[in-house]
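Peer 1: Next up is a structure, given as C-alpha cells.
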Amino acid sequence: MASISSIMSQTSSYESFVTQLVNIEGQKMLRMESQVRDEKESRTAIGTVSKAISDFENIIKELESPTNKSFEPFKTSSTDDSVVEVTSASSLDRSSNYNITVNRLAKNDIALSTLQNGSTNELAAAGNGSVTLTIGDKTETINVETTKDDGSGGTIDKTNEEILATFAEQIESLFGDEAKASVFNVDGENVQFSVQSLNTGYDNRLQFSGATGVLAYITSGITHLTPQNELDAQFTIDGVNFERSENTVDDAINGLSFTLKKATGEQEQMTVERDIDAAKSNVQDFVDAFNELNETIRERTFINPDTGNKGPLQGMRSVRNLTINLRQTAILSLGGVGEGEIASFADMGITFENSGKMVIDDSDQLEKALSERPDQIANFFTNENSPVAMMKARAESYTESDGILSAIENGLDQKIDRLDRRIASERQYLEEYEAKQRQIFNELDLILEQGQAQYNEVLNFMTSY
C-alpha cells in the first residue's frame, strides 16, 4: 500500500508550485521592466535625434560665419611649390596673381669656435671667464670656471673639452627656447663648440659682448656660417623688395600667407582664384546635414501598418513634425530681394523628393549661381529673415537647454525613475510572497508527516493482529 507522502509526491511538486505562483504574481513586475526598457530606448533615441539636430545647426553656423567665406572661398597655387608655397588666402576677397622672386631664405645664425684638442687644457690658462649673450629680446650673462675639484680637497684644470661643454650647458640652461649649443668630437682628438639660434633672421642673431677670461678667448675665435646681415629672407613681389626674419610670411600681402622654401632668383607666380568646387561642397554639407536629420527622425518615428512595428519615438508628435516643419519652411522664399535674384532653394537647383530628402536637382544651376552670384547665395543663407534662419531657429527650439527635447528627456527620466521605484517595491513584495508560499508548503509538509506517522501506527496495530 502506498504512503500518503508518496501519493503527494506523485501528484504535485512543491518547488514547481512555488515557482509557478511567483511567476504568475510577478507578471506585473515583468510588464514594468518591459516599460523601462522601452523608455530607455526612447531616451537613447532622443539623444541620437538631438545630435543630428545639433549637427544641422552647426553647419548653418559655419555657413553664416563671414570669416569662412563659405560661398566665395579661394584656392591658391604656385608655379613651383618647391620654391614658394601659398598656405592661406582666408581674408582675400578677389582673385589675383602675384609675381614673386625668392633671392634668399631666412637662416638660423650658427657660430663655431676654433678646433681645440679635447684632452689638453690650454684654455684653462686664460682663467675663469664671463660673456654677455643676447638673442632677440633676451640677454643673459654666462660664467664658466676653468678648474674643478680634484677629489681630494684641491683643484685641477679642466680639459678643453670640459670647458667647452660647460659653456654649452650654460647656454642651453639660460637660452633653452632661443638657442642650442653642442660640443662635437671632430676626429677623435679635436673638439669644436657650436651654438645655433633656434629662430631665423637678423633680429635673432647671436651677439656676444663683454667677454673676459677663457670666454674672451673662445668667442674671439668664433666664426658665423652665414654673415649676420644675410640672415633675413629677401624676396620681391611685383617689383617691391621685402626682407623678413622668417620664411613664413603673412604680412606682405593682406590676407595672403606663404612660405619661402628655396632661393632660386627666378620669378614664380602665386595665384589666388575662386574655388567653386569648395563652395559647392559647403552647400552639399548643408544638404547632407538636413538629410541626416530627416533620416534619423524617420527611422525612429516610423510605423509599419502591416506588422504594427514602430520606432521608439513614434508616439511623440513634436519629434515627428520637426522635419515636416523644416521642409515646409525650406520651400518658402526670402522677401525683399530684387527681381531675378536668389530668393529660394529652387533658385539654386535644390529641391525635395517625396520622401522629404533634400537634393541638388540641378548641379549646373547651382554651379552657375555660385560662380556668378555668390553674394546672393550668401545673403540667402545669412539673412535673418531667410528660410535658413527660420529653419535654424526651429532646430534650436529643440536643442536649447530648456527646449523641446530637454522637456521630453526630463519626462522620460521621471517616468523611468518612477518605474524603477515601483519595480523595487514589487520585487520586495515578490520576495515576501515567495517566502510566504514556502511557509505554507512547509506547514503542509509537517501535516503530511504527522498524518504519515498516524497512518504507520494504525498499520502496525492492524498487522499485529
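The values are calculated or read from the model by the stated rules, or taken from the named source; none is laboratory data. Treat the numbers as computed from the prediction; the structure is a model and nothing was measured. Every residue, glycine among them, receives a Cβ derived from its backbone with ideal geometry; neighbour counts consider all protein chains shown. Please note that ligands, DNA and RNA were not included when accessible areas were found on the heavy atoms of the full protein model with its side chains. Shrake-Rupley method; radii C 1.70, N 1.55, O 1.52, S 1.80 Å.
Peer 1: How charged is the neighbourhood of D80? Take every other residue with its Cβ under 11 Å from the Cβ of D80, and add Lys/Arg as +1 and Asp/Glu as -1.
Peer 2: Working: positive: K261, K262; negative: D81, E85, E266, E268.
It works out to a net charge of -2.
Peer 1: Given a 1.4 angstrom probe, I'd like the percentage of the accessible area of segment 1-150 that is carbon and sulfur, rounded to a whole number.
Peer 2: Of all accessible area on segment 1-150, carbon and sulfur atoms account for 47 percent.
Peer 1: So what is the orientation-averaged projected area of segment 362-465, using the convex hull of its C-alpha atoms, in nm²?
Peer 2: Working: hull surface 62.5 nm².
Mean projected area for segment 362-465: 15.6 nm², to one decimal.
Peer 1: With the dipole of the chain worked out from charges on the C-beta (+1 for Lys and Arg, -1 for Asp and Glu) around the Cα centre, which of G221, S16, L334 lies farthest toward the positive end?
Peer 2: The Cα lying farthest towards the positive end belongs to S16.
Peer 1: Considering the values [x] 0.94; [y] 1.25; [z] 1.89, which represents Cα Rg over 2.2 N^0.38 Å as calculated for the structure under consideration?
Peer 2: [z]
Peer 1: Pick out, from T48, I100, S119, the residue whose Cα sits farthest towards the positive end of the charge dipole of the chain, with +1 on the Cβ of Lys and Arg and -1 on the Cβ of Asp and Glu.
Peer 2: Comparing the listed Cα positions along the dipole, T48 ranks first.
Peer 1: Same structure again: Work out the length of the dipole vector of the chain about its Cα centre, built from +1 on the beta-carbon of each Lys and Arg and -1 on the beta-carbon of each Asp and Glu, and round it to the nearest 20 debye. Can you show the working numbers first?
Peer 2: Working: 40 positive and 76 negative charges, 352 e Å.
The dipole magnitude comes to about 1700 debye.
Peer 1: Of S173, I110, N456, which is farthest along the charge dipole of the chain in the positive direction, counting Lys and Arg as +1 and Asp and Glu as -1 at C-beta?
Peer 2: Comparing the listed Cα positions along the dipole, N456 ranks first.
Peer 1: Expressed as an acute angle from 0 to 90° and rounded to the nearest 10, what is the orientation of the C-alpha long axis of helix 276-301 relative to the principal long axis of the chain?
Peer 2: 20
Peer 1: What does the accessible area per residue of the chain come to in Å², with a 1.4 Å probe and no ligands, DNA or RNA counted?
Peer 2: Details: 25490 Å² over 465 residues.
Solvent-accessible surface per residue comes out at 55 Å².
Peer 1: Take Y433, Y398, Y202 and sort them by solvent-accessible surface of the protein heavy atoms, 1.4 Å probe, largest at the top. Please report the intermediate quantities before stating the final value.
Peer 2: Values: Y433 45, Y398 10, Y202 85 Å².
My answer, sorted largest first, is Y202, Y433, Y398.
Peer 1: Each residue of segment 110-123 in order: what ³J(HN,Hα) in whole Hz does its phi give by Karplus 6.51 cos²θ - 1.76 cosθ + 1.60, θ = phi - 60°, with x for Gly and Pro?
Peer 2: Calculated HN-Hα couplings, in order: 10, 10, 10, 7, 6, 5, 9, 5, x, 8, 8, 10, 4, 4 Hz.
Peer 1: How large, in percent, is the carbon and sulfur part of the accessible surface of segment 308-465 at a probe radius of 1.4 Å? Before the final figure, lay out the partial values.
Peer 2: Values: 4330 of 9450 Å².
Ligands and nucleic acids excluded, carbon and sulfur reach 46 percent.
Peer 1: Next question. For segment 137-228, with only Lys/Arg (+1) and Asp/Glu (-1) charged at the beta-carbon, what is the dipole magnitude about the Cα centre, in debye rounded to 20? Mind dumping the intermediate values first?
Peer 2: Working: 5 positive and 15 negative charges, 58 e Å.
Dipole size: approximately 280 debye.
Peer 1: In debye, nearest 20, what is the charge dipole magnitude of segment 208-320 about its Cα centre with +1 on Lys and Arg Cβ and -1 on Asp and Glu Cβ, if you could check? Don't skip to the end; give the middle numbers.
Peer 2: Values: 10 positive and 18 negative charges, 160 e Å.
Dipole about the Cα centre, nearest 20: 760 debye.
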